[in-house]
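Before anything else, here's the structure in question.
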Amino acid sequence: MSETRLSLITRGPTATRELGQTIGEQLKAGSVIALIGELGCGKTCFTKGLCAGLGIPKKHVNSPTFAFVNEYQGRLLVLHLDLYRIDDVSAGLDVGIMDYLSRAEQGVAIIEWADKVLPLLPDDRLMVQFNVLSPRKRQLELTARGRRFGRIIRGLAASNAMLDTCAKTHP
């Protein structure tokens, strides 16, 4: 499976949300977005942008840490999973992640703390690694696996509009 990578630096929550929205506008049914990073690094902020791109108001999007999953309806069904409270793949199976991934074939799955279940995720996915550079600045390492997400990443890399809010880095 081919991989396409892009590293961007966002300079605040608005830029992180806008990047998410740009990606969200291009998502199709069956999309799986794997978000990885420490607590408070911007995963939920990015998710609000993804959902905005799918037609869901950001005020409706909250981290489902204690509920495990929130469902939103926009132009596609969005399953927003937060795996903070699980320890490993076995626990992911116990909470029914395979059922959620199956349902996401008709919508979009956005998975926070996805590193805990990476072996269970489909090969065709977009992985976003968040690194905190300062209280407002984040480095987002986007890794697209498969053609669907590769096109999105190449489009971001070529987009002058994204350069207004994000700085490209060379990994």
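The values are calculated or read from the model by the stated rules, or taken from the named source; none is laboratory data. Computed from a predicted structure; not experimentally measured. Reconstructed Cβ throughout: ideal geometry from the backbone, glycine too, with neighbour counts over all protein chains shown. Ligands, DNA and RNA are excluded from the accessible area calculation, which covers all protein heavy atoms including side chains. Shrake-Rupley method; radii C 1.70, N 1.55, O 1.52, S 1.80 Å.
In this structure, does R75 turn out to be of a type in the set (K, R), outside any helix (DSSP H, G or I) and modelled with pLDDT of 95 or more?
Against the criterion (of a type in the set (K, R), outside any helix (DSSP H, G or I) and modelled with pLDDT of 95 or more), R75 qualifies.
A further question follows. Check F46 against each of (1) open to solvent by 60 Å² or more (accessible area, probe 1.4 Å); (2) in contact with a Gly (Cβ under 9 Å, 6 or more places away or on another chain) and name the one condition it does not meet.
(1)
So is S102 in contact with a Ser or Thr (Cβ under 9 Å, 6 or more places away or on another chain), hydroxyl-bearing (S, T, Y) and either open to solvent by 10 Å² or more (accessible area, probe 1.4 Å) or modelled with pLDDT under 95 (or both) or not?
So S102 does not fit the description; no.
Ok, one more. Restricting to the stretch 52-74, and then to whatever is aliphatic (A, V, I, L, M) and either under 16 Å from I86 (Cβ atoms) or touching a residue at least 40 places away in the same chain (Cβ under 8 Å) (or both), can you tell me which residue is least open to solvent (accessible area, probe 1.4 Å)?
Per the stated criteria, the residue is L54.
Given D115, D87, D82, D94, which one is crowded, with 18+ Cβ neighbours inside 10 Å, of a type in the set (D, E) and farther than 18 Å from I152 by Cβ?
From the options D115, D87, D82, D94, the qualifying one is D82.
State all residues of the stretch 43-64 that are touching a helix residue (DSSP H, G or I) at 6+ places or on another chain (Cβ under 9 Å), under 23 Å from N131 (Cα atoms) and part of a loop (DSSP other than H, G, I, E, B); if no residue qualifies, say none.
V61, N62, S63
Please verify whether I9 is open to solvent by less than 20 Å² (accessible area, probe 1.4 Å), in contact with a strand residue (DSSP E or B) (Cβ under 6 Å, 6 or more places away or on another chain) and not hydroxyl-bearing (S, T, Y), treating the condition exactly as stated.
no
Just for the stretch 21-42: of the residues that are in a helix (DSSP H, G or I) and farther than 18 Å from E71 by Cβ, which one is least open to solvent (accessible area, probe 1.4 Å)?
So the residue we want is I23.
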